[in-house]
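Before any comments, here is the structure.
The values are calculated or read from the model by the stated rules, or taken from the named source; none is laboratory data. All values reported here derive from a predicted model rather than from experimental measurement. Here the Cβ positions follow ideal geometry from the backbone for every residue, glycine too, while neighbour counts run over all protein chains shown. When the accessible area is computed, the model is the full protein with side chains, heavy atoms only, and any ligands, DNA or RNA have been set aside. Shrake-Rupley method; radii C 1.70, N 1.55, O 1.52, S 1.80 Å.
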Amino acid sequence: MLNWNQIDTVFLDMDGTLLDLHFDNYFWMQHLPKRFADTRGMTLEESNTFLSKYFRDLKGTLNWYCFDYWSDLLDMDLIQLKHEVKDKIAYRPFAEEFLSAISAGPYRVLLVTNSHRAGVEIKMQCTNLGDYIDEVHTSHDFGLPKEDPEFWTALRKKVHFDPRSTVFFDDNEDVLHSAKKAGLVHLINIVKPDSRGPMRVKSDYPLLSSFMDVMPSS
């Protein structure tokens, strides 16, 4: 799947790649609708109906990932709501072992995420993810989601990476398409981003079942 002799830079998505997407899915699909219903005196069905329109319209845009946007829209403290269920934040299987291996090697390791900076901070507080990462770059730094090929142009100007010797792990097929358009060659998708969700069986990119399968040789 990957020849580490060809790699000098590792781009890593966070949610659904390094960390279990169950936390985020639980937050958006269960916790937020319930808390929004409670504060508005709505039924859970009414809350889900209201939120689902925004979920559909905003998917893949920068606002979809923006805490400030959602906090303003719902008049709720999204950071506080995230903290209410932060016990669900966890690594995906063998992700930490993989991080330990590559951070000890000759590779530059960058977190490249659509997450809001505040979201990254919560995840860093609940895990030791920051111990393994050389740099953190979020789509909010550039005003563009990773789904936009121009994001990669902007990132390349800032980071100065060679797309031919960079590997990118991400669980979002649209993001991988965007990275491919920007010239990245080594692109890897994730079989099971959510530990309680379905397994993917089809992708335009190699599907990673376990990080043990791509451990660099010592």
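Observations on the structure shown:
- Matching residues in the range 91-116 - criterion: being out of contact with any helix residue (DSSP H, G or I) (no Cβ under 6 Å at 6 or more places or on another chain), part of a helix (DSSP H, G or I) and open to solvent by less than 50 Å² (accessible area, probe 1.4 Å): Ala101, Ile102
- Being crowded, with 16+ Cβ neighbours inside 10 Å and over 16 Å from the mean Cα position of the chain (by Cα) holds for only one residue in Leu44, Leu32, Leu62, Leu21, and it is Leu32.
- Inspection of the range 56-63 finds a residue satisfying the criterion of being touching a Leu at 6+ places or on another chain (Cβ under 9 Å), outside any helix (DSSP H, G or I), more than 26 Å from Arg196 (Cβ to Cβ) and not β-branched (Val, Ile, Thr).
- Residues in the range 1-18 that are more than 23 Å from Gln80 (Cβ to Cβ), out of contact with any Asp or Glu (no Cβ under 6 Å at 6 or more places or on another chain) and surrounded by 19 or more Cβ atoms within 10 Å (Cβ to Cβ): Ile7, Thr9, Val10, Phe11, Leu12, Leu18.
- Among the residues of this structure, Lys88 counts as one that is touching a residue at least 24 places away in the same chain (Cβ under 8 Å), in contact with a His (Cβ under 7 Å, 6 or more places away or on another chain) and either of a type in the set (A, V, I, L, M, F, W, C) or open to solvent by less than 70 Å² (accessible area, probe 1.4 Å) (or both).
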